[in-house]
Amino acid sequence: MIIKKEKKGNITIYYVDKDYDDNKLTNILNKKLKRQQIKNIIDDDADVYTKEGKLLLTFRKNKLKKNNVKDFYDNVINFAQKTTANRGSASGSKSKNVYDNPKIMTNILGYFDKFSPMQKMLSKKQGKKFPITVRETRFNIDYPEKFKKLVPLIKEIDYYYKKYTPEQYKQQRKKADQIPFKIPGTSFTTITTNVNFQTTVHTDKGDDTDGFGNLVVIEDGKYTGGETCFPQYGIGVDVRTGDVLYMDVHQPHGNLPIILEDKDARRLSIVCYLRKNIWEQSKNKTKKFMIQHNKSIKNLRKPDKKDE
């Protein structure tokens, strides 16, 4: 709940307190939010602090360049609509069998810290061992020229990250500068894309623990909902095309239902982050090591079959 609100120039400053304690929070973890659970939706430039004075989120509207947004969307949307069943609890599934999970449109770009099932199978079959399990994602391997066209928007997200949450950015960028496996010129190793995906209430466990998360949305067609929310504080943010949101993703969060007004409407959400395990595995590695490592992993692939 909002306990205080004030203006600082064009920025609205909110102070919030928890609507309920941590014991009650467990009742909604890994469950999808309903609109009536969120009392306040922010849709203007804002900084939100907890009662204790800790920054919860920073939101700025209409910051991203239209040409960078368009290039990102045009080059990634076909890949971003590929479905997967490996998002378990984030999709609301309680099954331990991945094949029982709902198919959702969520994908990763950049680098990841685990081999794909195909890579694991091939490395075992070929008797090859690798010093680390960091790898390029399928998108980067299959579409390197398309990935290059995504980088300008990623760099913009990184720029505003430094501008609006410099304390968190400094700590994350320091780690990014220690590793070769990253998006060049940024504090990020990895990007997750989601299309029309309502996540459950969760915390981001694979991210850098010292940094902030972020969210950018690209709209194609009309829809309502999808607001990113912190249910324990009863507050959400309506992120739309061109906006940037930086937030403490180690606090439980999720988004509201997405209701399509156009049947083919798409809400593409983009999350850029530094994976902690990539940093831990590769912080002492050189660029030369990265090039050779990437080449070795590419050689695992069957020429007539692509890994996930």
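Read the figures in this text as sums done on the coordinates, not as results from a lab. Quick caveat: nothing in here was measured; it's all calculated off a predicted structure. Cβ coordinates were reconstructed from backbone atoms using ideal geometry, including for glycine residues, and neighbour counts include every protein chain displayed.
Here are the numbers:
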| quantity | calculated |
| --- | --- |
| Region 168-262: trypsin sites (Lys or Arg not before Pro) falling in loop per DSSP and having at most 11 other Cβ within 10 Å | Lys205, Lys222 |
| Whole-Hz couplings from phi, Karplus 6.51/-1.76/1.60, listed for region 43-49; x for Gly and Pro | 9, 9, 4, 7, 10, 10, 10 |
| Candidates per chymotrypsin sites (Phe, Trp or Tyr not before Pro) in region 218-308, loop by DSSP, up to 12 other Cβ within 10 Å | none |
| Amide N proximity, region 221-240 versus Lys163 label position 7 Å along Cα-to-Cβ, cut-off under 17 Å | 240 |
| Cβ crowding within 10 Å averaged over residues, with 78-84, 187-193 ranked highest first | 187-193, 78-84 |
| Region 213-228 - phi-based ³J(HN,Hα) in whole Hz, Karplus 6.51/-1.76/1.60, Gly and Pro as x | x, 8, 8, 10, 10, 10, 9, 9, x, 9, 8, 10, x, x, 4, 7 |
| For region 195-308: rounded, prolate or oblate by the Cα gyration tensor [a/c cutoff 1.5] | oblate |
| Size of charge dipole - the chain - debye, nearest 20, with Cβ of Lys, Arg +1 and Asp, Glu -1, no other charges | 1400 |
| Ranked list, fewest to most other Cβ atoms within 10 Å of each Cβ, for Tyr169, Tyr49 | Tyr49, Tyr169 |
| Label point 7 Å beyond Cα of Thr84 along Cβ direction - residues of region 162-194 with amide nitrogen under 16 Å | 189-194 |
